Amino acid sequence: MSVDPYAQEIEPVRAMPFMAPPGFLGGCRPLQPGEGHWYVLQGDRLLVELGPMTAPSDDPRVRARPAWARLPALGPSTLGFEPVRAIYLGELQGVACWAAEAPAPAPAPAGLGWAALRALFSVLPDTHFALAGRALQLLEWDRTHRYCGRCAAPTEARRDEHARACPACGLVAYPRIAPAVMALVRRGRTLLLARSAHFPPGMYSALAGFVEPGETLEQCVAREVAEEVGVEVCNVRYFASQPWPFPHSLMIAFSCDWAGGGVLPRAGEIETADWFDVLQLPRLPSKISIARRLIEAVAAEIRGAGEPGAARSDARAPSGV
Ligand SMILES: [Zn+2]
């Protein structure tokens, strides 16, 4: 019997949307596409059976969610169109999983529809939602690495791993993952939250930014916070991570403590930033993102609902700037 690498129990607050589901074994195989679970995408829209778009959404980027959605039973013979590309993802409880890109104007087969992946969060079963995210990411990588970045020759998919190799010069391109940190600064009973101009009205979140070559994650946290709001931090603590397939990030979330400096939002990037008491938090991002989990977990910890002893000394700490 094979080991299930994703079977471990994870406490709910750290169980992230898009994380690899239990029962899934990623892999490659040099076979022609066959029957199994098919994650068919057109851009970021997934081919699904779905109900009317009547369910409310907590995601400002999603106007409404379908009342229900199911991954349809599909195969290469029932798609009704020839995929632009198809990638074997692995097996889910012994069933082969395929990612496929539909040609741009392809109409959905009868009874099915296209739905933006974000709109399917909390509607499609978590397992299929996660594998659809993986499919989205691998299709995008495959589509953008058709030519060698060094010599411009057409690349070829490797048969034994997810990689594209250049037959002319040997350069191998692996699926790209861009690490980005999320930093939640706490000071006493307050949290530092910021908003950028493209957020919907009233919404605030933790600070975030991409890791630069040559820095550790902890250094990245300190730099991003300093750059975006001019605040110095200490005690950087890991919270959790989340694969984020729009298009290829890995979000790594931390909490940290204020160590000095007043809040000075960086013009052009941060519209406004402020300290919020954990009992009076503003509108937060959707539960699809690790930002929301991070903010809620740290707020709960400060309120004393977290681990025993977590709220020690907070009541005496200064608040506000
Ligand atoms: Zn090359």
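Could you give the radius of gyration (one decimal) and Dmax (whole number) of the Cα atoms in the chain, in Å?
Gyration radius and largest Cα-Cα distance of the chain: 21.9, 67 Å.
With no solvent and one equal point scatterer placed on each C-alpha of the range 178-303, evaluate the Debye formula and give log10 I(q)/I(0) for q = 0.16, 0.19, 0.22, 0.23 Å⁻¹, two decimals.
With no solvent term, the Cα-only Debye profile gives -0.72, -1.05, -1.47, -1.62.
Kirkwood hydrodynamic radius (Cα pairs, Å) of the range 24-144?
Working: mean 1/r = 0.0689 Å⁻¹.
One decimal place: 14.5 Å for the Kirkwood radius.
Explain nothing, just compute: Karplus ³J(HN,Hα) = 6.51 cos²θ - 1.76 cosθ + 1.60, θ = phi - 60°, for every residue of the range 184-195 in order, whole Hz, x for Gly and Pro.
10, 8, 10, 9, x, 8, 10, 10, 8, 10, 9, 9
Could you tell me the relative contact order of the chain? Use alpha-carbon pairs under 8 Å, at least six residues apart, and round to a whole percent.
Details: 663 pairs, mean separation 53.4, N = 321.
Averaging sequence separation for qualifying contacts and normalising by length gives 17 percent for the chain.
What ranking of ILE288, ILE177, ILE270 emerges when the number of other C-beta atoms within 10 Å of each C-beta is taken as an exposure proxy, fewest first?
Numbers: ILE288 23, ILE177 13, ILE270 19.
Neighbour counts put them in this order, fewest first: ILE177, ILE270, ILE288.
Report the label-to-label distance for LEU264 and GLN280 in nanometres (one decimal), using points 7 Å from each Cα along the Cα→Cβ vector.
With each label point 7 Å from Cα toward Cβ, the separation is 2.7 nm.
If you split all Cα-Cα distances of the range 99-189 into 5 Å bins from zero, what percentages do you get per bin, shortest first?
Reading upward from the zero bin: 2, 11, 15, 16, 15, 13, 12, 8, 5, 2, 2, 0.
Give the order of ASP59, ASP277, ASP160, ASP142 when sorted by the count of other beta carbons within 10 angstrom, beginning with the fewest. All intermediate terms of the calculation are to be shown ahead of the outcome.
On the way: ASP59 17, ASP277 14, ASP160 9, ASP142 21.
Listing ASP59, ASP277, ASP160, ASP142 from fewest to most nearby Cβ atoms yields ASP160, ASP277, ASP59, ASP142.
Which whole-number percent gives the relative contact order of the range 178-303, counting Cα pairs below 8 Å spaced six or more residues apart? Could the numbers behind the result be given before it?
Working: 259 pairs, mean separation 42.7, N = 126.
Averaging sequence separation for qualifying contacts and normalising by length gives 34 percent for the range 178-303.
What angle do you read, to the nearest 10 degrees and between 0 and 90, between the alpha-carbon axis of helix 126-143 and the longest principal axis of the chain?
70
Provide the per-residue ³J(HN,Hα) series for the range 227-244, in order, calculated from phi with Karplus coefficients 6.51, -1.76, 1.60 and θ = phi - 60°, each as a whole number of Hz, with x at glycine and proline positions.
So the Karplus estimates, Gly and Pro as x, are 5, 7, 9, x, 10, 9, 10, 8, 6, 5, 10, 5, 10, 5, 9, 8, x, 9 Hz.
If you take the Cα atoms of the range 19-95, find Rg, then find the Kirkwood Rh from the mean of 1/r over all pairs, what is Rg/Rh? Kindly include the intermediate steps, with their values, before the conclusion.
Numbers: Rg = 14.9 Å, Rh = 14.7 Å.
Rounded to two decimals, Rg/Rh equals 1.01.
Nearest 10 degrees, 0 to 90: what angle lies between the long axis of helix 290-302 and the longest principal axis of the chain (Cα atoms)?
30
Give me the distance between the Cα centres of the range 233-273 and the range 62-119, rounded to whole Å.
Computed from Cα coordinates, the inter-centre distance equals 34 Å.
Read the figures in this text as sums done on the coordinates, not as results from a lab. Since we're looking at a predicted model, the values are computed, not measured. A quick note on method: Cβ atoms are made from the backbone with ideal geometry, for glycine too, and the neighbour counts reach across all protein chains shown.
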